[in-house]
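The values are calculated or read from the model by the stated rules, or taken from the named source; none is laboratory data. In this text the structure is predicted, and so the values were computed from the model without any measurement. Virtual Cβ from ideal backbone geometry, glycine too; neighbours counted across all protein chains shown.
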Amino acid sequence: MPRCVAVTHIPVASPKAAPATATRYEDRHQDFGRSMIRNENEHKDAVRRLGEQEERLKQQAAQLKQTKLSKDAIKRVLDPVRSFHEQTKDEVASYERLKRGEFDELQNFSGIGRLLIALRIAKGLTQRELAERLEVSEMQVSRDERNEYHGVTRAKAFLNLSRV
């Protein structure tokens, strides 16, 4: 008869709910599908989380190996955590590419909000600096980026982009 094993503190990523150990960044971005790091603070937080996730994965793998679970069962338990970790790595790598000025090709206008954010990052501007140049509040830039400029007219977005 299979032995039942209780495993504690294994955060499992799901599209509907952030893991129990979620940070403010994760709480803010869980509903946007693929997340995007938008500033240096979020980047530093994501890099810190990568280290923590790496250590947690090692600890959990070691704990699970001490049980009598099969390799497949252990893999099924750890796969969601590994997936979440890989997503974080992708987000960090994407932000670092943007900082170097490397962009993905824009396929249609649905990605224009992310492109505007990417251009700000590539130009090395903080949200505060962009707000000053556009003569709006930093809070407005933050809100527009959080919403990926949804609701901002394309004409206004391109006009603002040209002023930067």
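What number of residues in region 19-78 are basic (K, R), modelled with pLDDT of 90 or more and within 30 Å of K123 (Cα to Cα)?
Looking only at that region, the number is 3.
Please verify whether R128 is modelled with pLDDT of 90 or more, in contact with a helix residue (DSSP H, G or I) (Cβ under 6 Å, 6 or more places away or on another chain) and exposed (fewer than 14 other Cβ atoms within 10 Å of the Cβ), treating the condition exactly as stated.
yes
Among the residues of region 48-95, what is the count of those that are closer than 20 Å to M36 by Cα and out of contact with any helix residue (DSSP H, G or I) (no Cβ under 8 Å at 6 or more places or on another chain)?
Residues that pass the stated criteria total 10.
Take K99 and tell me if it is at pLDDT below 90 and under 20 Å from D45 (Cα atoms).
Answer is yes for this residue.
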